[in-house]
Number of protein chains: 2
Amino acid sequence: MNGTISKQALRRLPFYLDYLKKKSAEGVRNISATTVANDLKLNEVQVRKDLATVSLTGGKPKTGYVASELIRDLESFLGYDNTKEAVIVGAGKLGQALLSYKEFGRYGLNIVAAFDTDASIVDGKRIFPADKMPDLCSRLKVHIGIICVPPEHAQEVCDRMVECGILAIWNFAPVHLVVPPDVIVQYENLAASLAVLSQNLEFEIKDGNKF
Amino acid sequence: MNGTISKQALRRLPFYLDYLKKKSAEGVRNISATTVANDLKLNEVQVRKDLATVSLTGGKPKTGYVASELIRDLESFLGYDNTKEAVIVGAGKLGQALLSYKEFGRYGLNIVAAFDTDASIVDGKRIFPADKMPDLCSRLKVHIGIICVPPEHAQEVCDRMVECGILAIWNFAPVHLVVPPDVIVQYENLAASLAVLSQNLEFEIKDGNKF
DNA sequence: CGAAAATCGTTAAAAATTTATCGATTTCGG
DNA sequence: CCGAAATCGATAAATTTTTAACGATTTTCG
């Protein structure tokens, strides 16, 4: 309905999508924002607003949204129907995990190659030596780079990516990256999530499970 | 200084910590909120406030904070000096990656065991059959559970964990989990991060790198 | 010593996000 | 057909988070 969306709301959309797909697979045809909110333990108005932003047709009073349409609209909004190419640098455990994560295809992300210092093969996919990156990125017009190297090498890998024309970097290394203003970095920070979890757990234990 | 902290701020703390450790290793003794903010591209007041909440001694005008003290205070605040035990269920690629991620120890997290349907060995660590979990969790008083199984099995693993006395769940499966009110769930949602990245990239390309 | 520069911590304003309220619309059951 | 129940979409209030403004303190240097 409305094109703009907040960053927070954007992060909720994949949740809705997963949920709706599950419901849809269970045979649900129509679904209301109220139901989604209850099941996902979110505020009803928030869900309604989020869905209104992405839905083209809108919902109908009393019946709600048509699940299949809503799924389609969410996928479209999230760009899942518009595959983007990406490369990974760093084929350690994490890099390998991402490389063999089959689901990325459904998220519109196609990992076309992985690089590391020494070439090898993971899950049937070749790992290329790092110096092949520039050529490959420019030839295939890859704009997304995923960094999975140890923190001390992250910045140099980042610099290399920028030289190769990468515009968006998904950084799994726990360091801040310095990039030109036209390059965006999305930090994937396990420590940050862990911090939130631990903090909450601490309260939980301290309060003796009050609630 | 002040005990309360916002969730957002809490997520920034590990960033500061990584940054400060790097600087400290480079020989920096004193550091100001201004410098941190500039290097990390954050708002100066925000950084100052964040640091003020965790720092016991506070900073001094003109010189800033003593790096080593600030690091200590951050680690203490984040509970990194107070190790918590955790178990992983699901020893696929992601589970293995987490299991062999050496840095968790520095984050106050000690993964004491991993479980999966069939027992095996990863990185010198034994993977136990899932039915051993209840016994082990209760004996070792483990309160954190990490879910790395495919989405369709996440809820049942979650239920099992709750039965075992787990109080906090770090969920890497892209599904919402239903838990009793005294159990907390932290979702680690790769798709959500990817959505933010893609969305930003789209604007970037559309705007022709205006900025 | 004393003025200038840098930084701190606090208070206040602005912006973003979440939550509440309400009238309008659609379906269902009698 | 008509009233009750459910849901939508929109507007408004409340909350949270970020950013700005400012006086106070400490160091540096002429």
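Each reported figure results from applying straightforward, stated rules to the coordinates on display, with no laboratory input. Please read these numbers as outputs of a predicted model, since none were measured by experiment. Ideal geometry is used to build each Cβ from the backbone, glycine not excepted, and the neighbour counts take in all protein chains shown.
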Practice problem: Filter segment A:29-64 down to the residues that are touching a Lys or Arg at 6+ places or on another chain (Cβ under 9 Å) and touching a residue at least 40 places away in the same chain (Cβ under 8 Å), then identify the one that is farthest from B:Gln186 (Cα to Cα). | Solution: A:Leu56
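Out of the residues in segment B:53-72 meeting the condition of being in a helix (DSSP H, G or I) and over 18 Å from A:Val175 (Cα atoms), tell me which one is nearest to DNA strand D (Cβ to nearest atom).
B:Thr53
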Quiz item: Within segment B:24-52, restricting attention to residues that are assigned to a helix (DSSP H, G or I), more than 13 Å from DNA strand C (Cβ to nearest atom) and within 11 Å of another protein chain (Cβ to nearest Cβ), which residue is surrounded by the most Cβ atoms within 10 Å (Cβ to Cβ)?
Solution: B:Leu40
Practice problem: Among the numbered conditions (1) surrounded by fewer than 22 Cβ atoms within 10 Å (Cβ to Cβ); (2) touching a strand residue (DSSP E or B) at 6+ places or on another chain (Cβ under 7 Å), tell me where A:Val87 comes up short. | Solution: (1)
Quiz prompt | Residues within segment A:162-177 that are more than 8 Å from every other protein chain (Cβ to nearest Cβ), closer than 20 Å to B:Phe15 by Cβ and more than 17 Å from the chain's Cα centre (by Cα), tallied | solution = 1
Quiz item: Which ones in segment B:45-69 are closer than 21 Å to B:Lys7 by Cβ and not polar (S, T, N, Q)?
Solution: B:Val45, B:Val47, B:Arg48, B:Lys49, B:Asp50, B:Leu51, B:Ala52, B:Val54
Quiz item: Quick check, is B:Ala130 within 11 Å of another protein chain (Cβ to nearest Cβ) and more than 16 Å from DNA strand C (Cβ to nearest atom)?
Solution: no
Exercise. Would you check if A:Ile5 is within 11 Å of chain B (Cβ to nearest Cβ) and surrounded by 12 or more Cβ atoms within 10 Å (Cβ to Cβ)?
Key: yes
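For segment A:98-127, which residues satisfy the criterion of being in a strand (DSSP E or B), surrounded by fewer than 19 Cβ atoms within 10 Å (Cβ to Cβ) and within 13 Å of chain B (Cβ to nearest Cβ)?
A:Asn110, A:Val122, A:Lys125
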Quiz item: Taking segment B:78-97 as the search range and keeping residues that are of a type in the set (S, T, N, Q) and assigned to a loop (DSSP other than H, G, I, E, B), which one is farthest from the other protein chains (Cβ to nearest Cβ)?
Solution: B:Thr83
Quiz item: Of all residues in segment A:129-152, which are buried (at least 17 other Cβ atoms within 10 Å of the Cβ) and either over 23 Å from the mean Cα position of the chain (by Cα) or within 29 Å of A:Asp81 (Cβ to Cβ) (or both)?
Solution: A:Ala130, A:Met133, A:Cys137, A:Val142, A:His143, A:Ile144, A:Gly145, A:Ile146, A:Ile147, A:Cys148
Exercise. Report yes if A:Thr83 is farther than 18 Å from B:Val175 by Cα, in contact (Cβ under 8 Å) with a residue 12 or more places away in the chain and either of a type in the set (A, V, I, L, M) or within 12 Å of DNA strand D (Cβ to nearest atom) (or both), otherwise no.
Key: no
Quiz item: In segment A:155-197, how many residues are out of contact with any Cys (no Cβ under 7 Å at 6 or more places or on another chain), farther than 16 Å from B:Glu103 by Cα and of a type in the set (Gly, Ala, Ser)?
Solution: 1
Quiz prompt | Residue list for segment A:81-96, restricted to those being closer than 13 Å to A:Val149 by Cα and of a type in the set (D, E, K, R) | solution = A:Lys93
